[in-house]
Structures are given as C-alpha cells and as structure tokens.
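Heads up, the thing below is written out as structure tokens.
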Amino acid sequence: MEVKSFVVWDYVVFAALFIISSGIGVFFAIKERKKATSREFLVGGRQMSFGPVALSLTASFMSAVTVLGTPSDVYRFGASFVVFFIAYALVIVFTSELFLPVFYRSGITSTYEYLQLRFNKLVRYAATVIYIVQTILYTGVVVYAPALALNQVTGFDLWGSVFATGIVCTFYCTLGGLKAVVWTDAFQMVVMIVGFLTVLIQGSAYAGGLHNVLEHSRNGSRLNIFDFDPDPLRRHTFWTISVGGTFTWLGIYGVNQSTIQRCISCKTEKHAKLALYFNLLGLWVILLCAVFSGLIMYSYFRDCDPWTSGIISAPDQLMPYFVMEIFPTMPGLPGLFVACAFSGTLSTVAASINALATVTFEDFVKSCFPHLSDKLSTWISKGLCLLFGVLCTSMAMAASLMGGVIQAALSIHGMCGGPMLGLFSLGVLFPFVNWKGALGGLLSGITLSFWVAIGAFIYPAPASKTWPLPLSTDQCVSLNETEPMSPPALTSRPAIAETWYSLSYLYYSAVGCLGCIAAGIIISFLTGHQSGQDIQPLLIRPVCNLFCFWSKKYKTLCWCGVQHDSGTEQENLENGNTWKQGDESVLQNGLKQESLVHLPGYDPKDKSYTNMALEKITHF
C-alpha cells in the first residue's frame, strides 16, 4: 500500500489540538490553585453547569472508536448501526430517571460508595476492582487502535502518537482535575464535529451529491436498516442493536463512574439531568455523522474496495485512507481529520484517568486513611492521575490482540459493564436483595459474560451470521489483489460453538446483567432476604409506583418494607438534615452509624436537589 504522508500544515493543525488541550489544563491549574482540595480536583467543586458537562459526556464516549470504527462498520455491514438512535434514547431516559437521582441525592463521589451504603464494603471493593480492570482495558483499545490505523495509512508515527496521547492526557488531568477534563472535552467535541463535517461535505462532492450516495447505498443493500429477525446469533439486527445495545450502553452510562462523576459535579440535579438530555442530542449528531461517512465511503469505493483488494490491511484503516484520498490538494484538512480522531481519543482517555483516580482515592485511599489533610489529599489525587495515565498508555501495547475497534470496545464494556449494571440494578430496584446475593450475582454475571465472550474469541461465529455485505473490486487498477479473507476453517467445533459462542457481541452485556440479577435474587432468598426496614429510602428507586399508582396497598407491598411513605425522606431533603439514625441493628448491611452522609439540600422553588449542602459531608 502506498502511504500518503502528512505535509507541514497537517502537522500544524494536529499539534494545535495537543497545545490547546494542554493549555486548558495549565489554565485551570493556575485558576484553581487556591482551591486545593481533593473535592475541587475530582468533582469540580460540584458547581458545574449542564452545557460543558453535556459536551464532555458526548466527547468522552464518542471516542476514536466511533470516528474510525462506526463508518467502517456501516461501509461493510450497512446502515443498521443507525438503530443505536433508539438505544441511546432509552439509555439516557433510564440513566436520568432511574440511577442518577439515587446517586445524586446520596451525596456520593464514587458510584461504588453507593454499594457500601446499600450492601457492604466487600461488594464495594469487588465492584471497584472490576471497574478499574475494565477501564484500563478499554482505554488501551481507544489509544492503540486509531494510532495503528493512522500510522499504516498516513505514515503518522505509531508509538509517537500513542505516547503523545498518554502524556498530554495525563498532563492536563494531573494539573487541572475534572474542570480541565470537562472544558477540554468541550473543545474536543467541537473539533470532532468540524472534522466530520469537512469529510461529509468533501466526500459528498466527490460522490456527486447526497442523492447519489443514497442511490449507490440502496443498490448495494446498505440501506436495509430494519431487520426484525429475532435470531440472537445474528451480529446486527433491529433487536440486537436496540435491546443488546441498550444493555451495553446502559452499563457504560447508567452506572459508570466516568459518567456519574460528571453528573454529580453539576450544581443541581436538574442541571445533571439537562446535561444528560443535551448529551443525547450530541450522541445523535455524532452517530448520524459517522453513519453518513460510512455510506459516503461506500459510494466512493463501491467499484474498488480497498480492503478486499489489498490496498489496506484492516477495515479500521478505511476512514483514514478515504480522507487521504479526498483531500489530496488541501493541506491541513487531513490533519484536521486526524485531530478529530484524536480528539475522541484524548477526551476518552482523560475521562478514564480522572474516573480511575477518583474511585481509587474514594474507595481505597480514604477508606484506609480517613483523616488526610486537604493538601495531602490533592497531591495523592494528582499522583493517582499520573499512575493511571502511565498504566492506560502501557495497556495500549496489548490492544493489538483485540480485533476491530468497535467490536473490541463494546465487547469489553459488555463483559464487565453488564454484570456491573446488574449489580446496581439489584441495589436500586430490589430492596429484598442482601449483600450475599449482590456479591454472588456479580460473580455469576462476570462468569457468564466472560464465558460467552472468550468462547466467541476462540470459536468465531459462522460466516453466515457475521460476514460483510458484498464488496466489489471490479474497477481496481492492477495491484497484487487478494481474495477476501475467509474465516479460518476449524476442523472440529463443539456444538456449543454454534449456539452459545455465536451469540451477538451486543448481547454480552444483557447476559451478564440478567445473569447477575437472577443469581442475586435466588441467593438472597436462599440466605435470608434483606429486611426493607433496614434500608434508607433514598437508596431504593420505587419504580413500582408507576405500575401500582391506583392502589396504595399494592405500592406498599412492592416496597418490601422500605419506608417510602414515612415523610422522613422529604423532610430531610428540605431541611438539609442527616438521615434519622436508628440503633446498630438497623445497619446490619455493614455500615456504621458515623458513616452515614448528609443529604444534598432540596430547593422547593426550583423543585430540584442542590449540592450546596455537600460542603459538610463526612465521607467514610
């Protein structure tokens, strides 16, 4: 393959991204130097507004995996990826209405603090360890995959870009904390949109306009979006994307520390919810840009596919190769697209580093050393950012074994995020589940999701379930053309490989989540279920109220003994008082009386909860 190199202006545009990102970190380090507390560093003083938080949320999860992987997926498999439009909407509604109120009103910093409030320390530490492993693995994919694709197509130095990403992210995270991460993400989100728009405009012009793009895509079967085949073994259908995608992204959004940390940094619960809903608009915009980029690529390469003809060696290189093709005489614009891809990488890695530092500090350091000074806490937080920056960058070296970026990234989230979603669902939705059921459910969910994912890695699904749509090389110039790669012919495959191991990767999260919930409920009843009277009402979300609104009797029955109607909850919220504490028997889930926290204040005029009262929180 002929590698088309960057020119000076491409490097100038790309370098500007890193300089501005670093500059934002320096700015907040200077601006906030007098507010040297770990709380200010890790959650921005809990005074953020919804606008920058919404942009930050979108940028953090629409990483280079989206910029490079989604167009490639649409190019090869068709535009069914747009069904994620539904999954994203469901995810945001569940997150903002189900999980966020519980986390926000509890006054926690780490989402895993909730698990100690609801169950005990053992469950909290187990979940924290799984989250740390999941995030470091995912970050390795996010850093390595785009660097490799860009290196092989543009000649951009592979390890130079990997280490530059890690160094810059670690630099501004360590200096500026969450505020630097949020505002840098907001800037990078703008870069991502501009980069996508330049590709869409120029690519459409090369293809003869949007009408031609849609016509070519229709003729190539790329617009067969709504496939209602219920077969769970099919890679992408309406059901695998809408149902499996909802479980996968709910594990990423609903209970993920990186998301919740930004939401609880908002000054009121209303701002936190607005951040999520405005973030939904951003997710939809990025999704549509990525899907149309894939269709434009197909229109451009419809008669000469660079992947099957051997021009490029991996599908993830399609988008960079396309960019170098359509901007041959426009210096700076290829650099803008690379900046777009790396904006996604920077924002995701920075969010991961900040979240990892937060959960480690809150769940391990403060538990072991509860009386640290503000100054020492801040330095420890910065040291953790530095440590995880090094770990995440180092993990990039192992990411080459994980396959295509989209499937690898979502598989990691499914394997770990699904059981975590199940664990938090047990806590929030099922008052009778005890800590033994929670821990047993988590281990069961992890076992199931890893079993199916590792089995699928060893025994790939049959080609009929996963093979791309037809790609043509009829009009390619004479090259050393190769036949499309076929899946390896396995001489012997166990029967389970044709069913269980062939499950769509988007269902990994659902398997882990539902397995965790089922096992947790069964174990809780076998070991003696939790008494609802021992649980603080704010730790449970009474969704049964929606279904039993006509009958107080049925509502009370579904509360399983939790005192939602005692009036104590609302009084405490409005008065800013602590939860009423009973005797030690009330706290048999592992908490001590002194570990209970003050509640955020309730503003009856605004009808929202505010973080203003959190100045006096006593963490455990």
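Can you confirm whether THR447 is open to solvent by 20 Å² or more (accessible area, probe 1.4 Å) and at pLDDT below 85?
Answer is no for this residue.
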Subject >> Of all residues in region 2-34 being surrounded by 14 or more Cβ atoms within 10 Å (Cβ to Cβ), over 29 Å from the mean Cα position of the chain (by Cα) and modelled with pLDDT under 75, the one that is farthest from ILE311 (Cα to Cα) >> reply: PHE6
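Within region 156-170, track down each residue that is of a type in the set (Val, Ile, Thr) and either touching a His at 6+ places or on another chain (Cβ under 9 Å) or open to solvent by 80 Å² or more (accessible area, probe 1.4 Å) (or both).
Quick first cut of region 156-170, residues of a type in the set (Val, Ile, Thr) only: 162, 165, 167-168, 170.
Once the filter is applied, which keeps residues that are of a type in the set (Val, Ile, Thr) and either touching a His at 6+ places or on another chain (Cβ under 9 Å) or open to solvent by 80 Å² or more (accessible area, probe 1.4 Å) (or both), region 156-170 yields only ILE167.
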Original post:
Assuming SER72 fulfils every condition listed in (1) modelled with pLDDT of 80 or more; (2) of a type in the set (S, T, N, Q); (3) open to solvent by 10 Å² or more (accessible area, probe 1.4 Å) apart from one, which condition is it?
Top reply: (3)
**OP:** Please name all residue pairs, on different chains or six or more residues apart, with Cβ atoms under 8 Å, provided the first residue is in region 96-114 and is of a type in the set (Phe, Trp, Tyr) and the second residue is open to solvent by 10 Å² or more (accessible area, probe 1.4 Å) and part of a loop (DSSP other than H, G, I, E, B).
**Re:** PHE99/ARG541
**OP:** Kindly indicate the residue of region 504-529 that is open to solvent by less than 20 Å² (accessible area, probe 1.4 Å) and not hydrophobic (A, V, I, L, M, F, W, C) and also farthest from ALA87 (Cα to Cα) among those meeting that condition.
**Re:** SER524
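Restricting region 238-264 to residues that are hydrophobic (A, V, I, L, M, F, W, C) and at pLDDT below 90, which is most open to solvent (accessible area, probe 1.4 Å)? Please lay out each step first, then the result.
Step one: filter region 238-264 for residues hydrophobic (A, V, I, L, M, F, W, C), giving 238-239, 241, 243, 247, 249-250, 252, 255, 260, 263-264.
From what's left, at pLDDT below 90: 249, 252, 255, 260, 263-264.
Working: TRP249: 20, ILE252: 2, VAL255: 3, ILE260: 2, CYS263: 0, ILE264: 4 Å².
Within region 238-264, the match that is most open to solvent (accessible area, probe 1.4 Å) is TRP249.
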Subject >> Lone unmet requirement of (1) at pLDDT 85 or above; (2) buried (at least 24 other Cβ atoms within 10 Å of the Cβ) for LEU122 >> reply: (2)
**OP:** Please tell me if ALA409 is among the small types (Gly, Ala, Ser), over 24 Å from GLY520 (Cβ atoms), crowded, with 24+ Cβ neighbours inside 10 Å and at pLDDT 80 or above.
**Re:** no
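I need a count of the residues in region 283-317 that are of a type in the set (Gly, Ala, Ser) and open to solvent by 10 Å² or more (accessible area, probe 1.4 Å). Talk me through it step by step, then tell me what you get.
Our first condition is that a residue be of a type in the set (Gly, Ala, Ser); within region 283-317, this holds for 290, 293-294, 299, 309-310, 313-314.
Adding the requirement that they be open to solvent by 10 Å² or more (accessible area, probe 1.4 Å) leaves 310, 313-314.
Number of matching residues: 3.
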Original post:
Which numbered condition trips up SER492, out of (1) open to solvent by 60 Å² or more (accessible area, probe 1.4 Å); (2) touching a residue at least 24 places away in the same chain (Cβ under 8 Å); (3) over 15 Å from PHE424 (Cα atoms)?
Top reply: (2)
**OP:** Tell me which residues, restricted to region 333-347, are over 25 Å from the mean Cα position of the chain (by Cα) and open to solvent by less than 10 Å² (accessible area, probe 1.4 Å).
**Re:** PRO334, GLY335
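I'm checking my understanding of the structure. Among residues of region 207-237 that are closer than 30 Å to THR135 by Cβ and in contact with a Phe, Trp or Tyr (Cβ under 9 Å, 6 or more places away or on another chain), which one is most open to solvent (accessible area, probe 1.4 Å)? Spell out how you get there, then give the answer.
Taking region 207-237 first, the residues closer than 30 Å to THR135 by Cβ are 232-237.
Remaining after also requiring in contact with a Phe, Trp or Tyr (Cβ under 9 Å, 6 or more places away or on another chain): 232, 235-237.
Numbers: PRO232: 54, ARG235: 21, HIS236: 22, THR237: 2 Å².
Checking each candidate, the answer is PRO232.
I'd like to know if region 323-335 contains one or more residues that are assigned to a loop (DSSP other than H, G, I, E, B), β-branched (Val, Ile, Thr) and without any contact (Cβ under 8 Å) to a residue 40 or more places away in the chain. Break it down into steps so the answer makes sense when it comes.
Going residue by residue through region 323-335, those that are assigned to a loop (DSSP other than H, G, I, E, B) are 327-332.
Add one more test, that the residue is β-branched (Val, Ile, Thr), and what stays is 329.
Within this subset, residues satisfying the condition of being without any contact (Cβ under 8 Å) to a residue 40 or more places away in the chain are 329.
Within region 323-335, one or more residues are assigned to a loop (DSSP other than H, G, I, E, B), β-branched (Val, Ile, Thr) and without any contact (Cβ under 8 Å) to a residue 40 or more places away in the chain.
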Original post:
Would it be correct to say that TYR300 is in contact with a Gly (Cβ under 7 Å, 6 or more places away or on another chain) and not in a strand (DSSP E or B)?
Top reply: yes
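Just name the residue that is surrounded by the fewest Cβ atoms within 10 Å (Cβ to Cβ) out of those in region 452-466 that are in contact with a Phe, Trp or Tyr (Cβ under 8 Å, 6 or more places away or on another chain) and over 17 Å from VAL133 (Cα atoms).
Just the residues of region 452-466 that are in contact with a Phe, Trp or Tyr (Cβ under 8 Å, 6 or more places away or on another chain), to begin with: 452-453, 455-456, 458-459, 461.
If we keep only those that are over 17 Å from VAL133 (Cα atoms) too, we end up with 452, 455-456, 458-459, 461.
On the way: VAL452: 23, GLY455: 16, ALA456: 21, ILE458: 11, TYR459: 17, ALA461: 20.
Step by step, filter region 452-466, then rank; the result is ILE458.
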**OP:** Could you grab the pairs with beta carbons closer than 7 Å, sequence gap of 6+ or different chains, first residue in region 356-378 and in a loop (DSSP other than H, G, I, E, B), second one surrounded by 21 or more Cβ atoms within 10 Å (Cβ to Cβ)?
**Re:** none
**OP:** Give region 171-187 a look and list any residue that's at pLDDT 75 or above and open to solvent by less than 30 Å² (accessible area, probe 1.4 Å), or say none.
**Re:** VAL182, THR184, ASP185, ALA186
Original post:
Of the residues that make up region 36-46, is at least one assigned to a loop (DSSP other than H, G, I, E, B), at pLDDT below 75, closer than 29 Å to ASN256 by Cα and over 23 Å from the mean Cα position of the chain (by Cα)?
Top reply: yes
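The values are calculated or read from the model by the stated rules, or taken from the named source; none is laboratory data. Just so you know, these numbers come straight off a predicted model, no measurement behind them. Ideal geometry is used to build each Cβ from the backbone, glycine not excepted, and the neighbour counts take in all protein chains shown. To get the accessible areas, we keep the full protein, side chains included, count just its heavy atoms, and leave off ligands, DNA and RNA. Shrake-Rupley method; radii C 1.70, N 1.55, O 1.52, S 1.80 Å.
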